[in-house]
Structure formats: C-alpha cells, structure tokens
1. If residue 151 meets every condition in (1) over 25 Å from residue 52 (Cα atoms); (2) touching a Pro at 6+ places or on another chain (Cβ under 7 Å); (3) charged (D, E, K, R); (4) surrounded by fewer than 16 Cβ atoms within 10 Å (Cβ to Cβ) apart from one, which number is that one?
2. Looking at the stretch 50-68, which of its residues are in contact with a Leu (Cβ under 9 Å, 6 or more places away or on another chain), free of Cβ contacts under 8 Å to residues at least 40 places away in the same chain and in a strand (DSSP E or B)?
3. Report, ordered by the first and then the second residue, all pairs with beta carbons closer than 8 Å, sequence separation of six or more or different chains, a first member in the stretch 161-185 that is within 20 Å of residue 139 (Cβ to Cβ) and in contact (Cβ under 8 Å) with a residue 24 or more places away in the chain, and a second member that is surrounded by 12 or more Cβ atoms within 10 Å (Cβ to Cβ) and of a type in the set (Val, Ile, Thr).
Amino acid sequence: MTKHWSLLLLPLALAACAQTQSRQVVENEPAGAGYPARLQLTGISLALDAAPAQPDGAAWRLDGNTLHFGVAGGADLFAVGCDHAPDGSALLRLTRKTRAEAGAKALFALIGNGRIARLPLDAVHGGENGEWQGLIRAGDARLDVLKGGNRIEATLPGGGTLKLPASSALGQVVAACRASDRGPKAEGGSPA
C-alpha cells in the first residue's frame, strides 16, 4: 500500500520543486525586468549566408530596348528587356545579377504599383557574381507590376531585396514589348 501512496505523491513533490525554482528565478531578477530578456550582441559579424545588400547610388539607365538598374560603372543589378521567340512572340527578359547556385530555380517576388507578382527565374551562371534570368510572355498580366511608375521591391530568395526607384521607363519597356508581339494569338485574340 505504501508503494501506491509514493506513486501518488511523486507528481506533487515534483510540482513543488518546479514552483520553488520558478519563484527563485523571478525573485533574483531586477525590478521591472521581464522574461524573456533581449541581449545586445556586439562585435558579431553577419553570417556568411546573409543576403547581399543593395549598393548606394544605383539608378536606371536605358540602352536600346533594355532598361538597366545598377551603379554607374559597375555591373547591372537588374535588367528588363524585350526579346522575341522564333514565332514572333514578344518575351520580356528579366535578368537579376546576384549570387546563385548553378542550376537553381526561384520565384522572383515583385511588389509595387498595387500588385504582387512572382516570376520564375533560373540561375544561368553560378557563384557569388551569379546571374538569374527569366523569359515571360509580354502579354502576361503578372508583368503589370512593372507598370505605373511607382517604387518596386524585388526579392530573390538568398539574393537579397532591391528597392527599385520609381520610373515610368519600366512601364514603357513593357508596353513597347507588348506592342512588338507578332506571335500566334490564343483563342479570343489575346496573347497566350
């Protein structure tokens, strides 16, 4: 019978220990201290896998039918241009230069002009100075995120976020590319 009582009293004894220890932790805290506490970590560098930051001084530059975003004299960070498929279909080429793993695929998230779009990009060159590209049919409604002349945030997983300044030139590149579409039309007369 004693064995049964000890089994019943064991949880109560354990609960009493836990309450005493909790009270001691609270009593040893300075007045007004909350739990959990936040600690300032100084002298610690960012992890090596932290996303690259956008350099200062990046701006838009139009060259032919391609709009480039980058620092003057440096490599482009982002570019938007118009290409055409063999059948004449207009395609918007998106190029993002940032680190990439060879053969990787990702969705490039664009937020701006009252819209959100996720566009597929493929890594075409790997490494820290990698390159991602995607070809999107010019008539694709997701590209409307580039129209409107407002600021756009463009995020590539692992490649960081670009804060693209407002520019009406983006919408002009999209409109000109759509106007150049000579490809076969889908049912209803609109581009596929």
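1. (1)
2. 61, 68
3. 170/80; 170/152; 173/66; 173/80; 174/80
Throughout, read-outs are computed from the coordinates displayed, never taken from laboratory work. Quick caveat: nothing in here was measured; it's all calculated off a predicted structure. Virtual Cβ from ideal backbone geometry, glycine too; neighbours counted across all protein chains shown.
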